[in-house]
Amino acid sequence: MISLKSDIEIEKMRRAGRIVAIVLDALRNLVKPGCTTAELEKEADRLIEKEGAISAFKGYKGYPSSICTSVNEAVVHGMPGLYSLKEGDIISIDAGVKFEDYYGDSAITIAVGKVKPETAKLIKAAEQALYNAISKAVVSNRLYDISNAIQTHVEQNGFSVVRDYVGHGIGTMLHEDPGIPNFGLANTGPRLKAGMVLAIETMVNMGTYELRLLKDGWTAVTADGKPSAHFEHTIAVTESGPQILTKL
């Protein structure tokens, strides 16, 4: 069941999304060699509390942290801890909040200092694939037009899309219908309607799309140990086109 949000609900989600954007913008500026992922978590906690929101992630199905910090070959759900970032690393930071009963969810991938050219290309491809996908989130298109836009751009750049995890609907719950894969056939899937709110995620691997789960039960890493990049925005489908809710 895909729920449609009213204009009032979308405005509430825009407020939640803006808080997520504030958090990610601040954390982006902290990322540098020597910074620990625990320090990023501490600052996220401070900002979420300051804005009067609560973390969408902490306690969700037992997840212990407010943000996900996935470094290098970690694709999603990396947990903050004592790891100290190094020159040449990449880190994806995924943040979500609940504010006045509505959720916002977004992710960015950041280069730590100078990275290899192929790694920089990976980040750029993952981010551009997200915006290509958002451009397809228009009334009367179909859901997998979004998925196909991601897959097409990523594979044209020589990378692979993750198949084990998907984007999702979002609203008064963090994860709602529909699931939004990073791959699919254009002109298939449910028809997009005004009022749908979607968390579109691009998860892009340099090598194989295959993953494995670490012993912590959360962190998903690439099977071949090559790096992965992750971007996400919460967007609303409206009569006037897609609106990004997770931005400043």
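The values are calculated or read from the model by the stated rules, or taken from the named source; none is laboratory data. Not measured: the values here are computed from a predicted model. In this analysis, Cβ positions are derived from the backbone assuming ideal geometry, glycine residues included, and neighbour counts consider all displayed protein chains.
The table below lists the values:
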read-out: Where a residue in region 15-35 is in contact (Cβ under 8 Å) with a residue 12 or more places away in the chain and its partner, wherever it lies, is among the β-branched types (Val, Ile, Thr) and assigned to a helix (DSSP H, G or I), with Cβ under 8 Å and at least six apart; value: ILE19/ILE48; VAL23/ILE48
read-out: Residue in region 51-71 that is over 16 Å from ALA107 (Cα atoms), hydroxyl-bearing (Ser, Thr, Tyr) and in contact (Cβ under 8 Å) with a residue 60 or more places away in the chain present; value: yes
read-out: Matching strands (runs of 3 or more DSSP E) fully within region 150-206 where at least 1 residues are touching a Lys or Arg at 6+ places or on another chain (Cβ under 9 Å) and among the hydrophobic types (A, V, I, L, M, F, W, C); value: 197-205
read-out: Cross-chain or 6+ apart pairs with Cβ under 7 Å, region 98-118 first and under 19 Å from GLY78 (Cα atoms) and modelled with pLDDT of 95 or more, then outside any loop (DSSP other than H, G, I, E, B) and of a type in the set (Asp, Glu); value: ASP105/GLU232; SER106/GLU232; ALA107/ASP94; ALA107/GLU201; ALA107/GLU232
read-out: Some residue of region 133-141 being part of a helix (DSSP H, G or I) and either more than 30 Å from ALA53 (Cα to Cα) or hydrophobic (A, V, I, L, M, F, W, C) (or both); value: yes
read-out: Subset of region 210-240 (residues that are crowded, with 16+ Cβ neighbours inside 10 Å, hydroxyl-bearing (Ser, Thr, Tyr) and within 28 Å of ILE2 (Cα to Cα)); value: THR234, THR238
read-out: Subset of region 160-175 (residues that are under 17 Å from VAL76 (Cβ atoms) and touching a Ser or Thr at 6+ places or on another chain (Cβ under 9 Å)); value: SER160, VAL161, VAL162, VAL166, GLY167, ILE170
read-out: Flag for GLN128 being at pLDDT 95 or above, part of a helix (DSSP H, G or I), surrounded by fewer than 19 Cβ atoms within 10 Å (Cβ to Cβ) and on the phi < 0 side of the Ramachandran plot; value: yes
read-out: Failed item, numbered, when LEU198 is tested on (1) under 15 Å from ARG142 (Cα atoms); (2) in contact with a helix residue (DSSP H, G or I) (Cβ under 6 Å, 6 or more places away or on another chain); (3) surrounded by 23 or more Cβ atoms within 10 Å (Cβ to Cβ); value: (2)
read-out: Subset of region 98-125 [of a type outside the set (A, V, I, L, M, F, W, C), surrounded by fewer than 16 Cβ atoms within 10 Å (Cβ to Cβ) and closer than 29 Å to LEU85 by Cβ]; value: GLY113, LYS114, LYS116, PRO117, GLU118, LYS124
read-out: Residues of region 72-97 classified as surrounded by fewer than 22 Cβ atoms within 10 Å (Cβ to Cβ) and in a strand (DSSP E or B), total; value: 1
read-out: Residues (closer than 22 Å to GLN128 by Cα and polar (S, T, N, Q)) located in region 147-187; value: SER147, ASN148, GLN151, THR152, GLN156, ASN157, SER160, ASN182, ASN187
read-out: Verdict on TYR165 being among the hydroxyl-bearing types (Ser, Thr, Tyr), under 13 Å from the mean Cα position of the chain (by Cα) and either surrounded by fewer than 24 Cβ atoms within 10 Å (Cβ to Cβ) or over 21 Å from MET1 (Cα atoms) (or both); value: yes
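One line per residue, one yes/no per condition, for (1) outside any loop (DSSP other than H, G, I, E, B); (2) in contact with a strand residue (DSSP E or B) (Cβ under 9 Å, 6 or more places away or on another chain); (3) under 21 Å from VAL112 (Cα atoms):
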residue	(1), (2), (3)
LEU27	yes, yes, yes
LYS32	no, no, yes
GLU41	yes, yes, yes
ASP45	yes, yes, no
ILE48	yes, yes, no
GLY52	no, yes, no
LYS61	yes, no, no
SER65	no, yes, no
CYS68	yes, yes, yes
